[in-house]
Structures are given as C-alpha cells and as structure tokens.
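All remarks here apply to the structure that follows.
The values are calculated or read from the model by the stated rules, or taken from the named source; none is laboratory data. Here the structure is a predicted model, which means the values were calculated and not measured. Cβ: placed from backbone, ideal geometry, glycine included. Neighbour counts: every protein chain shown.
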Amino acid sequence: MPRISRDNSPTEIREILFKNPIIERNIKVQMESSMETNKLKTAALRGSFATGLGALVATLGSAVGLGNIWKFPYLTGANGGAAFIIIYTLSTLLVGLPVMIAEIMMGRKARANAIGTMQKLSPSKKQPWWIIGAMGALAAFMIMAFYSEVAGWVLAYIFKSLSGQILSTSPEVTSQAFVNLVSDPWQSLFWQWLVLAVVCLILVQGVSKGIEATTKRLIPLLFILLVIVDIRSLTLPGAGEGLRFLFTPDFSKITAVAVLTALGLAFFKLSAGMGTMVTYGSYWPDDQNIPLNTVRIMFSDLFVSILAGLAIFPAVFAFGFEAAAGPSLLFITIPAVFASMPFGNIVMVLFFILAAVAATGAMISLVEVPIAFLNEQFKLSRAKSAVLTTILIALVGSTAALSNSSLADFQLFGMNMFDLYDFVSSNILLPLGGLLVVIFVGWFWGDRKVKAALSNEGTLKNQAIIAAYTVIVKFISPVLLLVVMLRGLNLLPF
Ligand code: PHE
C-alpha cells in the first residue's frame, strides 16, 4: 500500500485511504448504519399505522363515507336501482379495485406522500409522473370543498332532528327547512368550518394516535347504528317494494352516462384516483397482504352501501315517496320518511349520527393528503401542516358552501361551484387519475417490481393472483376506463 506523505494532495490522501481494505470496510459499515438510522428516523417522523388491523380499519374508514349514505342511494335511485348496482359492482371490481391496489402498493413502496411517491417511483427524472400526484391534490381539494359542506349539513341535521325542527311528514316542510339551511350563508359556513375544525384536531394527533385510533372506534359504531336503522326500515309494512327496487334490475335505464356515473362512484367510494390511497398505503405495515386486504375493504364497503340502501329505500317506498329524489334524498325525503314512522324521531337522530360518523373517517383521509405533502416536502410540522391545510380547505370550501346563497348566481358550465367540484372531480379527475395510475403500474414501473411489492418480496405465495392482476391492470382497466370516459363525456362517435 502506498504511504501517505506531506507532498500528497487531499484528493490523493483520500484515494490512498479508500484503497485500504480496513478503512474501506469501516466506511461501508458506517454508511450502512447511518442509512439504517435514517430510515428509522424517517419512519418515526412520518408515522405509520401501528397494526395490520389498524391499517385495514383506517383504510375502510376512508372508503366508507357520505358516498355510501348520500351518493350511492341517490345515484341508485336516479339510475334504475338494481341494474345500476350491478354496473357499479363491476366497475368496482374491474377498475376501482385494481387502482386501489396499485395506489396502496406504490405508497407502501415509496413511503412518501402522493406527489413524493410518484417522484420516487418514476423510472427516470425526465418522466413527469409527479403530475398524477398533483392532479390528485387538485381533485382532493375539489372533493373536500363540497364534501365538507355535506358533512356540515349532516352535523346540522343531528341538532335539528334532536330539537324536532325537521320532524314533519310533509316534504314541503322538510324541503323548506333544508332551503333555510343552505340559503343562509352564515349557517352554511358555520357547520362546514366546525367539521373542518374537528377533523383538524383529530389529524394533529398523528397517524396512529389520530387516524388509526379514531377510525377504530367509529367503524364498529357505524355498523351498529346501520343495523338498528335497517331493522326499523325493513319491518315497516310495505317495505317489500323498496327491496324489489334494490334487487330487481331494469337495464333499460342504463345509459352511457349512467355507466360513467357508476365508474366515477366506484373511484369516489374507494377513495381511489386522487392520492388518498397512496398516502394511506405509505402508512401500511410491510407484512400486510395488499391484494387480500383491499378485497376485504372493497366488499365491506359495498356491504355498507347495501345496508344504507336497505335503511333508506324500504322506508321511502313504504310511505309512498319518490325514490329518484336526487341529492336531496338525504335531507328532504329522509326526514319526512322518518317522521312518518313510529319512533321515527329517535331513528332520525341515529341516522344522522351514523352519517356523521361515516363522513368523519373519509374527511380525515382527504385532509391527510395535503398534510402529508406539506409535512414532507416543506418540512413543516404536522400541527402547522394541519392548520394550514384546514385554512386552505375552508377558503376553497366556502365557495361550495355559499353556492346556494351569496354565490348562487356564479355559475360555470351551467353549474354552481358545489356541483362543478363534484362533477369535475368524480367524473373527470378521478377516472383520469386512475387511468394514469394503471398505465404507470402496468406499462412503466415494471412487472418484476409489481410482483415483488404485491408478494411482500416473495414471502406471500400469491403468484396466480398477481398474474391475474397484471393482466387486468395492463389491458382491462385502462381500456374500460378510456372507453367509458370518452363515451360518457360524449367524445366518441357512437
Ligand atoms: N370514499 C369516500 C366516500 O365514499 C369519499 C372519499 C373520496 C374519501 C376520495 C377520500 C378520498 O364517502
């Protein structure tokens, strides 16, 4: 080995030292251990779900929400009942689920927020896959804007039903009560901001102590309340008509727009196509079986939607109300329906508590997307990120909250801001985000990486499932998504 002398330059000294095998090994060991510590440090800073069950329940808490209690029933009502449910289930299986699996897998692999994950996983710095993350963030803001408002109405309705203000069998009276709420700018803002403040307080506690701990309590409560309301609704005389509506398909109602709506709903329901599942995936423990657990989540979510349908439609038909009442089904028809039945006032309070419970888990996951982003990319503390995000959502959300009062005349493409956010996010951004995700995973990321990630580096024996998944993600989901989107937006000649 050459000796070091005074005449050597610093670079030469470094070279000589690096050639020494003992020194070289020491440097390597030190580097490895500091990489290990760095990994541990980031894990501790980022937070993660403490247990597999916790990850499962928190993710289910994101999927289950106003989508099940508010959107699913009214869209089913407006699009032909059972036939729509069949189309929706197919969309969920062939498109929603593959995207959800892809997102959780990518998040867990990269252990980063939605935009950071795409940056980390992109095969080359030149390919701008981070755009998927950025588009997701845009969709997240649009959804949060109108979602927090509906959640606000639900909260308001708990109090209004407790005080008996909306207890009337006449839809004219309940409709007036709803109009009074949404056309009052201060009330609208108050309830929306209250929801945001509660969600912010939960999120400041962190991933495990905030998100995981809260959803673990909420999900069982939701199931219990739903079952109680179901029993009441199903034991009403005349409930059979509602069951027939939910379970006998009439395919004549299925148009291209209805299929696009089902697809949009599948994404919305599974919180897919916009970064929430990437963010939650980044908190999933390494040993969790992603394909199996996402299937469990998907079926539990579908089950909750059916339970919500069973709570609503038998009662609606039993008292001779319209099923296709649109988005106002929840706030105008339901109160009148409940007011018509024995013990209706109690059932109504339980029903709106249940809806608020469902909305909370979903809101938490939505707001977590920008928090994780600010926290990691800008190194802001979790508390600061949470407060900043909440203020931003309150500002954007106000335009949705005021869309029936101060901003009622402000319309774009013939829609007020509330409807515009809902339409653009569900029918355009989520399917488009989903399309880009399956294209990335199917065609750019590499089959070997998908196999390794979904089999937990070879420890799970699920080769056949992964093979099927690869085919779906490469050929079926993207083609279906593309055709349905173009057709639904009237961009195809047939
Ligand atoms: N899945 C939620 C629901 O059905 C809504 C949601 C969409 C939540 C997107 C997070 C992200 O209510």
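Per-structure values
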{"quantity": "Cβ-Cβ under 7 Å pairs, at least 6 apart or on other chains, region 241-265 side within 14 Å of Leu480 (Cα to Cα), far side hydroxyl-bearing (Ser, Thr, Tyr)", "calculated": "Ala262/Tyr88; Ala262/Ser91; Leu263/Ser91; Gly264/Ser426"}
{"quantity": "Residue within region 7-18 that is surrounded by 11 or more Cβ atoms within 10 Å (Cβ to Cβ), under 30 Å from Leu366 (Cα atoms) and at pLDDT below 95 present", "calculated": "no"}
{"quantity": "Matching entry among Val304, Val347, Val316, Val259 (being among the aliphatic types (A, V, I, L, M), in contact with a Lys or Arg (Cβ under 6 Å, 6 or more places away or on another chain) and farther than 28 Å from Leu392 by Cβ)", "calculated": "Val347"}
{"quantity": "Residue tally, condition of a type in the set (A, V, I, L, M) and either under 14 Å from the mean Cα position of the chain (by Cα) or not in a helix (DSSP H, G or I) (or both), over region 70-89", "calculated": "0"}
{"quantity": "Test: residue in region 186-204 that is modelled with pLDDT under 95, of a type in the set (Ser, Thr, Tyr) and surrounded by fewer than 21 Cβ atoms within 10 Å (Cβ to Cβ)", "calculated": "no"}
{"quantity": "Enumeration of residues in region 437-474 that are farther than 19 Å from Ala272 by Cβ, part of a helix (DSSP H, G or I) and of a type outside the set (A, V, I, L, M)", "calculated": "Asp447, Arg448, Lys449, Lys451, Gln463"}
{"quantity": "Single residue of Val295, Val257 found to be at pLDDT 95 or above and not in a loop (DSSP other than H, G, I, E, B)", "calculated": "Val295"}
{"quantity": "Hits in region 390-428 (condition: without any contact (Cβ under 8 Å) to a residue 24 or more places away in the chain and under 19 Å from Ser271 (Cβ atoms))", "calculated": "Phe423"}
{"quantity": "Failed item, numbered, when Pro249 is tested on (1) assigned to a loop (DSSP other than H, G, I, E, B); (2) within 13 Å of the ligand (Cβ to nearest atom)", "calculated": "(2)"}
{"quantity": "Pair list, Cβ under 6 Å, 6 or more apart: region 478-494 residue over 13 Å from Leu94 (Cα atoms), other residue crowded, with 20+ Cβ neighbours inside 10 Å and aliphatic (A, V, I, L, M)", "calculated": "Gly488/Leu260"}
{"quantity": "Selected residue (only one of Ser170, Ser233 is over 16 Å from Ala394 (Cα atoms) and surrounded by fewer than 16 Cβ atoms within 10 Å (Cβ to Cβ))", "calculated": "Ser170"}
